[in-house]
1. Where both residues lie in the chain, what percent of DSSP beta bridges are antiparallel, nearest 5?
2. Go through segment 236-245 residue by residue and turn each phi into a ³J(HN,Hα) via Karplus (6.51, -1.76, 1.60, θ = phi - 60°); whole Hz please, and just put x for glycine and proline.
3. How much length is gained on full extension from Glu187 to Asp232, taking 0.36 nm per residue of separation minus their Cα-Cα distance?
4. Return the distance in nm (one decimal) between the two label points of a simple spin-label model at Lys284 and Ser299, each offset 7 Å from Cα along Cα→Cβ.
5. For the chain, take the longest principal axis of its alpha carbons; what is the angle in degrees between that and the long axis of helix 154-163, to the nearest 10 within 0 to 90?
6. Hey, what's the per residue convex hull volume over the C-alpha atoms of the chain, in cubic angstrom?
7. Using a Förster distance of 41 angstrom, determine the FRET efficiency expected from the C-beta separation of Ala178 and Glu122, and round it to 0.05.
8. Can you tell me the 0 to 90 degree angle between the C-alpha axis of helix 254-268 and the longest principal axis of the chain, rounded to 10?
Amino acid sequence: MEENIKDEAPGFKHISVMLNEVIDGLNIKEEGIYVDGTLGGAGHSSVIASKLSGAGRLIGIDQDEAAIEAATRRLEPYRDKVTIVRSNYSEMVSIVKGLGIEGVDGILLDLGVSSYQLDTAERGFSYMEDAPLDMRMDQRQTKTAKDIVNNYSVEELTRIIREYGEDRFAHNIAKHIARYREEKPIETTLELADIVKGAIPAKSRNTGGNPCKRTFQAIRIELNNELTVLRDSIDGMIDLLNDNGRIAIITFHSLEDRIVKQAFRTAENPCTCPPDFPVCVCGKKPKGRVITKRALLPSNEEMENNSRSRSAKLRIFEKHITKTTLVERQL
């Protein structure tokens, strides 16, 4: 098995999280068809592509222009096996069908922000360097983080910071933002970071990491509609799998992981019949089985070498086509 590798495309640095676990989990077939819905710098995809032969094919999807450029360079040695599309993974089914493909053997999503996006200050994802408040995953989008910070009401800001940032000081942060923008618009990441720090009590500022992380995360999730896209896409991706095909999803915070965990559980056991019914009559058939009863975590060595992997969780689901119409139930 190949070791964890760093994307080498110029200008796009990113360490592929849980690379070995992903490759093992996808159970790659040489002539299979695979989709990487969050292509990034193609760290995972380059290993997948290297294992394909004959009719084997890789479809890479990403909405970030820099990622597309980096991945194209990285996958050049496999160009006869690879199709790259700039889009959101929410369009995966239509993209694959548009290529004349009815089903695929594996799907990968590596969610969250790439190291490149975090480390490129002008993208506005980081609270460590000053830059315009941007945070767009897809720079074709017109709305930016600046629009959210300056135009959302206190109630709306409170909601997203509480729900997506899971910050108990959400209302106070929202009030501080509203108070500041009465004087002037909030333009930059460090302006926002200073406001957030000022809204959090000193005792809490000194524990649990940088206090800005949760607010920046919340605004990014809201701007890019990340949780809704994930929630609305999983079923369609499972349906796209061939029999025995697998979907592997890496998440980086509890809200994402909860969505994936529940979607996989429901796909494994969708029946809504009362528990005392001897036979399932609701017509909802299992789509397969959860391979990872508990989420897989990075090794201690990986977490030491790549601090950004520490919050990663990997869950895998395997598709099985149910041929029976009634499922007997154990009473």
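1. For the chain, the DSSP antiparallel bridge percentage is about 40.
2. x, 5, 4, 4, 6, 5, 6, 4, 6, x
3. 13.0 nm
4. 4.0
5. The angle comes out near 40 degrees.
6. Hull volume normalised by residue count: 159 Å³.
7. 0.95
8. So the inclination is approximately 20 degrees.
The values are calculated or read from the model by the stated rules, or taken from the named source; none is laboratory data. Bear in mind the structure is a predicted one, so any value in this text is a computation, not a measurement. FYI the Cβ positions are ideal-geometry reconstructions off the backbone, even for glycines, and counts take in every protein chain you see. The protein model used for the area step is the full one, side chains on, heavy atoms only, and it has no ligands, DNA or RNA in it. Shrake-Rupley method; radii C 1.70, N 1.55, O 1.52, S 1.80 Å.
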